[in-house]
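The values are calculated or read from the model by the stated rules, or taken from the named source; none is laboratory data. The model shown is predicted, which means the values in this text are computed figures rather than measured ones. Positions of Cβ are generated from backbone atoms using ideal geometry, with glycine treated the same way; all protein chains shown enter the neighbour counts. What goes into the accessible areas is simple: the full protein's heavy atoms, side chains included, and nothing from ligands, DNA or RNA. Shrake-Rupley method; radii C 1.70, N 1.55, O 1.52, S 1.80 Å.
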Amino acid sequence: MPKSPSLFDFHLLLLFTIFSLAAADAIAAARPITQQFKEAPQFYNSEICPKIVGEDDESDNGTSVFLCSGQSVHVAMTLDSAYIRGSMAAVLSILQHSSCPQNIVFHFVASATANASFLHATISSSFPYLNFQVYSFDDSSVSRLISTSIRSALDCPLNYARSYLADLLPSCVGRIVYLDSDLVLVDDIAKLAATQLGDNSVLAAPEHCNANFTSYFTLTFWSSPTLSLTFANRKPCYFNTGVMVIDLDRWRRGDYTKKIEEWMEIQKRTRIYELGSLPPFLLVFAGNIVAVDHRWNQHGLGGDNFKGLCRDLHPGPVSLLHWSGKGKPWVRLDANRPCPLDALWAPYDLLQTPFALDS
């Protein structure tokens, strides 16, 4: 006669089930989540667009002449699996609103530990005709300098890649428009790229002089006679580093990467700020940039860094919508808890859903 299971047997079975489920969850968490994206329409230059001289030629070092052309609009963005959905939407919006989309060159910076072939293939499959390159960013070059900030997402080494663009991109690229991945354009990027930087300025960005600039640094900073003198003879204003026009030639000549790193080293010894990669830029450049119209960075649509609550647009015209802050439109849309302005991002979303039908 078969023996009835004991209480001990039930405990063993329960433990086995728990461990099996935990192992399955661990495997699922470790497995990369692949997203499928639709192919975007191809966009063509208008008749007024300049012809890129030698665009089909290759130079001796294998770099396309097109990528080095001063007539191209050069756009730099970071690229990773967590934000690639936002990056795809940003690229589509740029191409769709450009009068010369075939003259745009994208320079994507990805972590050296990322699956570069996957990222490259993802971009190529949705934008087969896109002019782009992917550059590898060595995280270790900046990881040792990063201090914890108020939100863990801000501590990602790739957030600091914008400080190393002059070293990562070919020396022939003299000017770029740097853009974050959580934005869309509704205007021609060539207008932003044509911003005049004057005789000495290294970068241009929308300034916000009504913001409380002192709040971006700690009491330790402002109470130090030496550190607080940093802004002497300057009229510093806050600017968001998610949208910048940068003269890379001037950056290289001025060795501004080293200047930013020096402030990060000070931060490691004495806590002088709380907000990730932004404060070093403010310390080096605030008060010495060319101000761009606010329409080119309607930022803060992702809410603050803690709750990510919905926000309205700032007054005035709009050329660029930027979901800086904790809340991202694709996350809120997927959770069926979108903010009203997330509907302006949705038309650029290339994610292939299981229910999508071919048109």
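Descriptive notes on the structure:
- Residue in the stretch 144-152 that is in contact with a Pro (Cβ under 7 Å, 6 or more places away or on another chain) and modelled with pLDDT under 95 present: yes
- Taken over the stretch 170-189, the residue count meeting the criterion of being surrounded by fewer than 18 Cβ atoms within 10 Å (Cβ to Cβ) and either among the hydrophobic types (A, V, I, L, M, F, W, C) or in contact with a Cys (Cβ under 6 Å, 6 or more places away or on another chain) (or both) is 2.
- For the stretch 104-117, residues that are open to solvent by less than 30 Å² (accessible area, probe 1.4 Å) and either in contact with a helix residue (DSSP H, G or I) (Cβ under 6 Å, 6 or more places away or on another chain) or at pLDDT below 95 (or both) total 4.
- Only one of the numbered conditions (1) within 24 Å of Ser319 (Cβ to Cβ); (2) β-branched (Val, Ile, Thr); (3) open to solvent by 20 Å² or more (accessible area, probe 1.4 Å) is violated by Thr148, and that is (1).
- Filter result (in contact with a Leu (Cβ under 9 Å, 6 or more places away or on another chain), within 19 Å of Ser126 (Cβ to Cβ) and outside any helix (DSSP H, G or I)) within the stretch 313-358: Trp345, Asp349, Leu350
For (1) more than 21 Å from Phe239 (Cα to Cα); (2) among the small types (Gly, Ala, Ser); (3) modelled with pLDDT of 95 or more; (4) surrounded by 13 or more Cβ atoms within 10 Å (Cβ to Cβ), each residue gets a yes or a no:
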{"residue": "Lys307", "(1), (2), (3), (4)": "yes, no, no, no"}
{"residue": "Leu321", "(1), (2), (3), (4)": "no, no, yes, yes"}
{"residue": "Tyr348", "(1), (2), (3), (4)": "yes, no, yes, yes"}
{"residue": "Asp358", "(1), (2), (3), (4)": "yes, no, no, no"}
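- Lys268 at pLDDT below 95, within 22 Å of Ser181 (Cβ to Cβ) and among the charged types (D, E, K, R): no
- Tabulated pairs, the stretch 85-99, first on the phi < 0 side of the Ramachandran plot and touching a residue at least 60 places away in the same chain (Cβ under 8 Å), second assigned to a helix (DSSP H, G or I) and of a type in the set (Val, Ile, Thr), C-beta under 7 angstrom, 6+ apart or interchain: Ile94/Ile189; Ser98/Ile189
- Figure legend. Inter-residue proximity from the stretch 225-252: first residues in contact (Cβ under 8 Å) with a residue 60 or more places away in the chain, second residues in a helix (DSSP H, G or I) and of a type in the set (S, T, N, Q), beta-carbon distance below 8 Å, spacing 6+ or different chains. Indicated pairs: Trp251/Thr257.
- Residue match in the stretch 64-73 (condition: at pLDDT below 90, among the aliphatic types (A, V, I, L, M) and in contact with a Ser or Thr (Cβ under 8 Å, 6 or more places away or on another chain)): yes
- Total residues in the stretch 288-312, condition in a loop (DSSP other than H, G, I, E, B) and either under 28 Å from Asp247 (Cα atoms) or among the hydrophobic types (A, V, I, L, M, F, W, C) (or both): 11
- Scanning the stretch 270-282 for residues that are of a type in the set (A, V, I, L, M, F, W, C), under 16 Å from Leu145 (Cα atoms) and open to solvent by less than 30 Å² (accessible area, probe 1.4 Å) returns Ile272, Leu278, Phe281.
- Every pair of residues 6+ apart whose Cβ atoms lie under 9 Å, when the first sits in the stretch 127-151 and is free of Cβ contacts under 8 Å to residues at least 40 places away in the same chain while the second is open to solvent by 60 Å² or more (accessible area, probe 1.4 Å) and of a type in the set (Lys, Arg): Arg144/Lys268
- Complete set of residues in the stretch 244-259 that are farther than 14 Å from Asn288 by Cα and in contact with a helix residue (DSSP H, G or I) (Cβ under 6 Å, 6 or more places away or on another chain): Leu248, Arg252, Thr257, Lys259
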